[in-house]
1. All but one of (1) surrounded by fewer than 17 Cβ atoms within 10 Å (Cβ to Cβ); (2) modelled with pLDDT of 90 or more hold for V195, so report the exception by its number.
2. Just the residues that are touching a Pro at 6+ places or on another chain (Cβ under 9 Å) and closer than 14 Å to T11 by Cα, please, taken from region 41-51.
3. Going by what's in this entry, would R155 be described as outside any loop (DSSP other than H, G, I, E, B), within 18 Å of G31 (Cα to Cα), in contact with a helix residue (DSSP H, G or I) (Cβ under 8 Å, 6 or more places away or on another chain) and free of Cβ contacts under 8 Å to residues at least 60 places away in the same chain?
4. Return the residues of region 5-23 that are of a type in the set (G, A, S) and either crowded, with 16+ Cβ neighbours inside 10 Å or modelled with pLDDT of 85 or more (or both); say none if nothing qualifies.
5. Among the candidates A75, A115, A152, which residue alone is modelled with pLDDT of 75 or more, small (G, A, S) and in the same structural domain as V59 (by TED's automatic domain parsing)?
6. Taking the condition of being modelled with pLDDT under 90 and of a type in the set (S, T, Y), how many residues in region 200-236 meet it?
7. Just the residues that are under 30 Å from I146 (Cα atoms), of a type in the set (K, R) and not in a helix (DSSP H, G or I), please, taken from region 176-226.
8. Keeping to region 120-133, report how many residues are crowded, with 16+ Cβ neighbours inside 10 Å and not in a loop (DSSP other than H, G, I, E, B).
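The values are calculated or read from the model by the stated rules, or taken from the named source; none is laboratory data. This one's a predicted model, so the numbers in the text were calculated from it and none came from an experiment. Heads up, the Cβs are rebuilt from the backbone with ideal geometry, glycines too, and the neighbour counts pull from every protein chain shown.
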Amino acid sequence: MLEGAAGHGITFVLAMISATVFLILRCQRLGRPFGPSSRWLALVVIILTALATTLVALVVTGLNDELRALVGVVAPSGLWLGYMRQRQDGRRSLGQEVMTFWLASLLERLHQAMAEDREVWCESRVDDTWSTHQLSMAAEHYHERIRQRMSADERRRERVQSRLQAIERRLDVAALIEDGAGKSKVVTALSSSPVTRKTRYQRYLNDFARLHGVLVHDAERELMRLLDSAYRCGLRSLTRYDPAVLDVAKARSHP
């Protein structure tokens, strides 16, 4: 039998480890719980969960060290199980959230912090000074690396190929405008794809400069969504596209 503080300490340590594991599971496909903006909130959630679990273990199991340790391992699972049930049911119930209702505000702030880290990561890989051609090349660069590293199920679920095509269709029309194409040619190009066959673009047919800006902006946002998918699927080592590096590589391949 473990005695006194030693038994309580072991329960706390087990609860810390368990809370860390279940918090990571909860945050899968959402982001990094230990990212730059979220790590301290994640640590607070883990410590508070471990403290609450240890207290519950003391109250419920009394002096039984084996049951106390079991509670320390199992109780933090509410961090993950409650969230999964909520996602499946589409609603929150008291029974489902009994283990985490007191942490709801902290967990919501943690999710927001992870979203901020994800947005910063995505924005760092898109440059609004890129030309239409460079933006298109960046999309192909990221798509190729994402395609190689994602499973077939992930690519299908995240609509990786569809997102690339949506980017290319918009930039194709933008490139036509840059080349000075006439209105009839631009109208035909817009009508050739469901992506560009929208009232949002049709309303600017008498203002090509505005139409070009909207098309490029929407292509950039679609590229951000592609990168967001990569981040959530764990591809956070994805390197930033650099047009200068590509130019040097091309120069070396064509002496």
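1. Of the numbered conditions (1) surrounded by fewer than 17 Cβ atoms within 10 Å (Cβ to Cβ); (2) modelled with pLDDT of 90 or more, the odd one out for V195 is (1).
2. Within region 41-51, I46, T49, A50 qualify.
3. Numbers: outside any loop (DSSP other than H, G, I, E, B): yes; within 18 Å of G31 (Cα to Cα): yes; in contact with a helix residue (DSSP H, G or I) (Cβ under 8 Å, 6 or more places away or on another chain): yes; free of Cβ contacts under 8 Å to residues at least 60 places away in the same chain: yes.
The answer is yes for R155.
4. So the first thing to find is which residues in region 5-23 are of a type in the set (G, A, S), and the list is 5-7, 9, 15, 18-19.
Matches in region 5-23: G7, A15, S18, A19.
5. On the way: A75 fails: modelled with pLDDT of 75 or more; A152 fails: in the same structural domain as V59 (by TED's automatic domain parsing).
The unique qualifying residue is A115.
6. Going through region 200-236 one residue at a time, the tally reaches 0.
7. R197, K198
8. 3
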